[in-house]
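The values are calculated or read from the model by the stated rules, or taken from the named source; none is laboratory data. Quick caveat, the model's predicted, so the values are computed rather than measured. Cβ placement follows ideal geometry from the backbone for every residue including glycine, while neighbour counts extend to all protein chains displayed.
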Amino acid sequence: MKLLGISELSLHFGGVTALFNVSLEVNKGEILAVIGPNGAGKTSLLNCINGLYRQGSGRIVFRGRDISRFPPHKRAMLGISRTFQNIELFKHLTVLENIMLGRHIHMRSGIISGSIYWGFAQRGEVMHRRRVEEIIDFLEIESVRRKPVGTLPYGLQKRVELGRALALEPELLLLDEPMAGMNTEEKEDMARFILDIAEEWGTTMILIEHDMGVVMDVSDRVAVFDFGQKIAEGSPVEIQHNPRVIEAYLGHQAG
Amino acid sequence: MRPKFPFVMDCGLFTTSYQEDMAVLFSPAAKIKVAAIIAFFLVLPYFVSPYFISVVNLIAIAVIGALGLNILVGFTGQISIGHGAFMGVGAYTVGILTTKVGLSYWAALPLAGIMAAMVGAVFGIPSLRLKGLYLAIATLAAQVIIVYTIIHWTSLTNGSAGIVIDAPRLGSASMADDRNFYYFAMLLCLTAIVCTVNLFRSRVGRAFMAVRDRDLAAAVMGINLLKYKVMSFGLSAFYAGIAGALLAAYLRVITVENFTVEVSIQYLAMIIIGGLGSVMGSIYGAAFMTLLPIFLRSAADFFGSFLPNIAHFLLSMQTALFGLIIILFLIFEPEGLAKLWKDIKEYFRLWPFSY
């Protein structure tokens, strides 16, 4: 079943074409890996999907609704969540507060009920705290829950960011290089979390990753980008033997 | 975010529910401490001179105003140089409603807050597009426009002559009496503090801090940036309006001189010195900035008794000294008095075995 449909998406920055005529479908429950050389337009694609960039032309349909003109916060409310390549956490806030912010769209208290913090607002905080603690347990970050995230090491920050994105209970989770800059052990942990998320919550994921080993092991399907265009799409095995992909990565064979 | 209380050892404390875990007064010692502080302020006016009470009253008013500005600047990361004018909106709302419409002060007080909130929210709309210095200039425009309106709309505001209001009365208690006003101001001040603390451990307050730390990530988490920025401006101006209305009841003469751009800057100084993004900092900063000129004056009197020229010199140096203190704080303790106090507490937490 189709969850996200992108048709003929183009994005330009002045004279530079970041994305050209990209069409892509994401099915419910699958992990789609997006790969490609640097500057291929992978992050631009994610930015278009969650509304940080406004595409020049093309349509994005999510759960049967055209969201092409929706601002980012509305897309979040529909169930699109993400992590960033360069961690974008709220660095003065604690791990708990960061993940609680992921629950923002599910909570209801306003200025007045929050200021009184009696009954309604307090019940809400307790209820959502329980949910947040489940995520903290899942990601194994119990020991740092009261630490400001700015003080945490890089690998843990990546994990907290994943936790914040998960707290939103997204239908579609966009992961922009979740394993960048990690050592093998941390990468294995992160790969395990991604597979567990797919299994436990059935969350659909779009994953940008450079580590081909991880991509081939984790993803159900792979889309390959080069110079803003999608040049191939298929199962990991198909992609490994696709001549256009080999050319994009390794260059043209001489003679 | 669990607040740390001074000199309260909270080791060996365990909780069994999230509600207990998220309580502000986490440990029994903290509860006792807060009760002791409240008791102290309840009996204070019976032991000090009327002059001292009037000083505390001014501090209480400044605390409410500073809390409001800190919500906007320290917690939401926006900037406003129009805070004084928003206080003016509150004060003039009270003045007009009590003298021209004939409402009682008690009915006019919440309306003053709401009126200021609406004006503040309108001037907060540019914050979606403007940041930093540009936003500062836009809010300076708010200051200028509001003061201009107050001076020139003479039929409503009496222009530069100002409005004289009667002291509000509650039963037989007149607020012209410093001690009565003290309890009234302290009640509002305590309410403002409690509400602010609560706000920043619940959904909206957290969203404000998210906007401050990383607005793009906040939007991706489902926070409507315009809505929350405008809400922050509105709430900040609401506090300012209440503080202005309180000042009106205290002075009983409402003139535009009390709400000029100097006042706005003074409030900015309070929260910078006290500590941006800190509730306690707002209180320390407000107390500091209110006490400093009084302290300087008594210092001038003291030295003036044997060095007559220095008294005049010290008094005229007051503004320069304000500037100097702000610069020193920005360089040496950008997180203000609140951080300074926290460091002292942290030191004594483990003292004398702080290895």
Residue B:221: hydrophobic (A, V, I, L, M, F, W, C), touching a Leu at 6+ places or on another chain (Cβ under 9 Å), facing chain A (nearest Cβ under 9 Å) and within 30 Å of residue A:82 (Cβ to Cβ), yes or no?
yes
Only one residue in B:189, B:195 is more than 14 Å from chain A (Cβ to nearest Cβ), out of contact with any strand residue (DSSP E or B) (no Cβ under 9 Å at 6 or more places or on another chain), at pLDDT 95 or above and under 30 Å from residue B:23 (Cβ atoms), so which one is that?
B:189
For the range B:172-189, pairs from a residue that is more than 15 Å from residue B:59 (Cβ to Cβ) to a residue that is of a type in the set (A, V, I, L, M) and outside any helix (DSSP H, G or I), with Cβ under 8 Å and 6 or more apart or across chains, are B:174/B:167; B:175/B:167; B:176/B:167; B:180/B:170; B:180/B:173
Answer with yes or no whether residue B:164 is among the β-branched types (Val, Ile, Thr), surrounded by 14 or more Cβ atoms within 10 Å (Cβ to Cβ) and under 16 Å from residue B:244 (Cα atoms).
no
Six or more apart or on different chains, Cβ atoms under 7 Å: show the pairs whose first residue is in the range A:11-29 and in contact (Cβ under 8 Å) with a residue 60 or more places away in the chain and under 29 Å from residue A:220 (Cβ atoms) and whose second is among the charged types (D, E, K, R) and surrounded by fewer than 19 Cβ atoms within 10 Å (Cβ to Cβ).
A:21/A:8; A:23/A:8; A:27/A:2
Which of the residues that make up the range A:167-181 are in a helix (DSSP H, G or I) and farther than 17 Å from residue A:100 by Cβ?
none
Filter the helices (runs of 4 or more DSSP H) completely within the range B:71-153 down to those with at least 1 residues that are touching a strand residue (DSSP E or B) at 6+ places or on another chain (Cβ under 9 Å).
B:83-96, B:105-124
Return the only residue of A:17, A:43 being surrounded by 15 or more Cβ atoms within 10 Å (Cβ to Cβ) and either within 18 Å of the chain's Cα centre (by Cα) or not in a strand (DSSP E or B) (or both).
A:43
Answer yes or no as to whether residue A:61 is touching a residue at least 40 places away in the same chain (Cβ under 8 Å), surrounded by fewer than 18 Cβ atoms within 10 Å (Cβ to Cβ) and under 22 Å from the mean Cα position of the chain (by Cα).
yes
Go through the residues of the range A:217-230 one by one and say whether even a single one is out of contact with any His (no Cβ under 8 Å at 6 or more places or on another chain), surrounded by fewer than 16 Cβ atoms within 10 Å (Cβ to Cβ) and aliphatic (A, V, I, L, M).
no
So which residues in the range B:1-29 are surrounded by 14 or more Cβ atoms within 10 Å (Cβ to Cβ), outside any loop (DSSP other than H, G, I, E, B) and either within 14 Å of chain A (Cβ to nearest Cβ) or modelled with pLDDT of 85 or more (or both)?
B:18, B:21
Identity of the residue in the range B:30-78, of a type in the set (Val, Ile, Thr) and out of contact with any helix residue (DSSP H, G or I) (no Cβ under 9 Å at 6 or more places or on another chain), that ends up surrounded by the fewest Cβ atoms within 10 Å (Cβ to Cβ)
B:43
Consider residue A:206 carefully, then state whether it is among the aliphatic types (A, V, I, L, M) and surrounded by 20 or more Cβ atoms within 10 Å (Cβ to Cβ).
yes
Have a look at A:74, A:2, A:28, A:42 and point out the one that is closer than 27 Å to residue A:247 by Cα and of a type in the set (Lys, Arg).
A:42
Within the range A:182-197, the residues that are surrounded by 13 or more Cβ atoms within 10 Å (Cβ to Cβ) and not in a helix (DSSP H, G or I) are A:182
Residues (part of a loop (DSSP other than H, G, I, E, B), in contact (Cβ under 8 Å) with a residue 24 or more places away in the chain and of a type in the set (Gly, Ala, Ser)) located in the range A:212-255:
A:219, A:228
Criterion first (without any contact (Cβ under 8 Å) to a residue 12 or more places away in the chain, over 24 Å from the mean Cα position of the chain (by Cα) and over 23 Å from residue A:114 (Cα atoms)) does residue B:17 satisfy it?
no
Within the range B:225-245, identify whether any single residue is among the hydroxyl-bearing types (Ser, Thr, Tyr), under 12 Å from residue A:111 (Cα atoms) and facing another protein chain (nearest Cβ under 8 Å), and answer yes or no.
no
Regarding residue A:174, is this residue buried (at least 19 other Cβ atoms within 10 Å of the Cβ) and modelled with pLDDT under 95?
no
